[in-house]
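Undergrad: Take a look at the following structure, please.
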Ligand code: DHB
Ligand code: FE
């Protein structure tokens with residue numbers, strides 16, 4: 001049967017993609033951020049997951065305001081990347097696992113989650129930057145797993161509640177664990193933490209709230225479901241709603257997790273950047 005070995009979180013700031021492309025990881029500005037990743041690389045090298053479920057929020061590349069699925073799952077053999085205008089080099093396609101995708105979709109629809117299945121999906125920086133951060137070199141990295149993108153709407157209100165995100169993750173976890181093949185799966189929650197890119201509060205970061213989220217997501221994720229969506233925007237900024245992805249990831253891990261590593265650095269571009277590694281306890 002498939003095993004979920006753990007979960008990883010990271011911000012997916014496009015400027016990080018540019019820093020990687022330009023070899024700036026050791027610059028004074030970037031080093032405190034990139035220093036958060038080597039312990040995760042070592043863990044991934046040791047456990048070598050076969051598949052990464054990459055939970056992210058599309059920002060207008062795969063979907064736009066005219067057609068906005070609340071929850072979408074990739075069901076393709078590969079996922080292309082395209083130019084979003086951030087100046088990041090376009091990356092080669094990411095191999096998928098359509099068989100596992102359909103198993104997850106079957107299981108979750110049976111579980112009464114109404115999901116949009118995508119046999120074609122272009123993946124944006126929300127997906128690609130975390131793949132680059134966790135598996136440097138991507139296709140040249142022998143350990144890069146097959147990937148399945150899952151996108152939730154954080155762009156156009158109404159967005160899902162934090163409770164729905166956690167419940168989605170729980171259902172996702174059940175679907176993955178019922179897959180009959182002996183594969184190892186890691187679940188990524190990308191985005192966040194607090195940031196607001198536009199409007200009067202552009203540049204808004206809330207360190208206290210971010211740190212509370214990083215603590216509670218380990219020990220008491222159910223408590224976080226009491227935060228309303230409006231409160232989330234107030235506390236984390238308009239784009240801080242990306243914390244929904246972290247909650248989806250957390251739900252999939254089950255009750256018992258061991259926090260192995262974390263890093264928090266502000267600001268990275270306009271964002272409070274949180275990185276976490278949680279291991280599932282059998
Ligand atoms: C930034 C952060 C994001 O999550 C994003 O999608 C785009 C930009 C930023 O801080 O620059
Ligand atoms: Fe984002």
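Undergrad: In region 28-39, is there at least one residue being in contact with a helix residue (DSSP H, G or I) (Cβ under 6 Å, 6 or more places away or on another chain) and either under 18 Å from residue 122 (Cα atoms) or within 15 Å of ligand 1 (Cβ to nearest atom) (or both)?
TA: yes
Undergrad: Before we move on, is residue 164 closer than 30 Å to residue 101 by Cα, away from ligand 2 (no atom under 16 Å from the Cβ) and more than 18 Å from the chain's Cα centre (by Cα)?
TA: Criteria not met by residue 164.
Undergrad: Are there any helices (runs of 4 or more DSSP H) wholly within region 2-110 with 2 or more residues that are within 20 Å of residue 167 (Cα to Cα) and in contact (Cβ under 8 Å) with a residue 24 or more places away in the chain, and if so which? Don't jump to the end; show me each part of the working.
TA: Values: elements: 14-21, 31-34, 38-47, 98-110.
Qualifying helices (runs of 4 or more DSSP H): 98-110.
Undergrad: Among the residues of region 122-131, are any more than 16 Å from ligand 1 (Cβ to nearest atom) and either at pLDDT below 95 or over 23 Å from residue 266 (Cα atoms) (or both)? Break it down into steps so the answer makes sense when it comes.
TA: First, pick out the residues of region 122-131 that are more than 16 Å from ligand 1 (Cβ to nearest atom): none.
The answer is no; no qualifying residue exists.
Undergrad: Looking at region 229-258 only, could you name the residues that are out of contact with any helix residue (DSSP H, G or I) (no Cβ under 8 Å at 6 or more places or on another chain), away from ligand 2 (no atom under 16 Å from the Cβ) and in contact (Cβ under 8 Å) with a residue 24 or more places away in the chain?
TA: Within region 229-258, just 256 meets the criteria.
Undergrad: Can residue 113 be described as more than 16 Å from ligand 1 (Cβ to nearest atom) and touching a strand residue (DSSP E or B) at 6+ places or on another chain (Cβ under 8 Å)? First the steps, then the outcome.
TA: On the way: more than 16 Å from ligand 1 (Cβ to nearest atom): yes; touching a strand residue (DSSP E or B) at 6+ places or on another chain (Cβ under 8 Å): yes.
So residue 113 fits the description; yes.
Undergrad: Out of all the residues in region 61-110, which are touching a strand residue (DSSP E or B) at 6+ places or on another chain (Cβ under 7 Å) and either exposed (fewer than 14 other Cβ atoms within 10 Å of the Cβ) or modelled with pLDDT under 95 (or both)?
TA: Once the filter is applied, which keeps residues that are touching a strand residue (DSSP E or B) at 6+ places or on another chain (Cβ under 7 Å) and either exposed (fewer than 14 other Cβ atoms within 10 Å of the Cβ) or modelled with pLDDT under 95 (or both), region 61-110 yields only 90.
The values are calculated or read from the model by the stated rules, or taken from the named source; none is laboratory data. Note that the structure is predicted; figures quoted are calculated from it, not measured. Counting neighbours? That spans all protein chains shown, and the Cβs are built from the backbone with ideal geometry, glycine included.
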